[in-house]
Amino acid sequence: MANDFREYLVEASRHEDFGRVFKELAVGPNIMISFQASATHGCYPEETLDDIYGYTRWEVSLRAVKPAIDVPNAGAWSFLKNNYWARPFDKPEFQRAMAADNIVVMDCQRILEDVIEYALIKKQIESEDDIRVLEPEEEVKEVAPAKVGAAGAGGGCGGCGCGR
């Protein structure tokens, strides 16, 4: 079982009008998870709590690059969409992420664990220790696990995680 998803959260900003924003988690070189909860997010309670363990529901988004998360038979969503927690997720028009509001804590944890499992299967990470916090201004293409060489996961291109 993975660490509690809330243990990874680092506050990026807090604004009276825009709420609090947590930094994304990079699970390998390709998949980013965003867990958000504040007065401006789809969470419960819909307020900005100082104690993040006070939330029972979270706004969650998943995105990927090379390929995009929802590319049929190549993107991570092809693997993840069959999980019980995936039903409320949708890709809003003009966005790059699969997103859902009011995801219960237990399902948030399961999402993290399933994304870790996917990244392990695709050899994008070696262990949960390869998860890192993505800085807000950081270029996604530069995200890479610490223990994987410059050629990418499994010595391949590093793009889709297929290992070629």
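Among residues belonging to the range 106-127 that are more than 14 Å from the chain's Cα centre (by Cα) and open to solvent by 80 Å² or more (accessible area, probe 1.4 Å), point out the one that is nearest to VAL60 (Cα to Cα).
Among them, the one singled out is MET106.
For the condition among the small types (Gly, Ala, Ser), in a loop (DSSP other than H, G, I, E, B) and either over 26 Å from TYR118 (Cβ atoms) or in contact (Cβ under 8 Å) with a residue 40 or more places away in the chain (or both), what is the one hit in ALA2, ALA26?
Working: ALA26 fails: in a loop (DSSP other than H, G, I, E, B).
Only one candidate qualifies: ALA2.
When only residues in the range 1-48 that are among the aliphatic types (A, V, I, L, M) and closer than 21 Å to LEU120 by Cβ count, which is surrounded by the most Cβ atoms within 10 Å (Cβ to Cβ)? Talk me through it step by step, then tell me what you get.
Taking the range 1-48 first, the residues among the aliphatic types (A, V, I, L, M) are 1-2, 9-10, 12, 21, 25-27, 31-33, 37, 39.
Then keep just the ones that are closer than 21 Å to LEU120 by Cβ; that gives 1-2, 25-27, 31-33.
Values: MET1: 6, ALA2: 17, LEU25: 20, ALA26: 24, VAL27: 30, ILE31: 28, MET32: 22, ILE33: 22.
Checking each candidate, the answer is VAL27.
With the condition kept exactly as written, say whether any residue in the range 76-84 is open to solvent by 10 Å² or more (accessible area, probe 1.4 Å) and at positive phi. Outline the logic, then answer.
Start the filter on the range 76-84 by keeping residues that are open to solvent by 10 Å² or more (accessible area, probe 1.4 Å), which leaves 77-79, 81-84.
Next, only the ones that are at positive phi stay: none.
No; the residues of the range 76-84 include none that is open to solvent by 10 Å² or more (accessible area, probe 1.4 Å) and at positive phi.
The values are calculated or read from the model by the stated rules, or taken from the named source; none is laboratory data. Because the structure is a prediction, the values reported are computed rather than measured. Glycine also receives a Cβ, built like all others from the backbone with ideal geometry; neighbour counts cover every protein chain displayed. When the accessible area is computed, the model is the full protein with side chains, heavy atoms only, and any ligands, DNA or RNA have been set aside. Shrake-Rupley method; radii C 1.70, N 1.55, O 1.52, S 1.80 Å.
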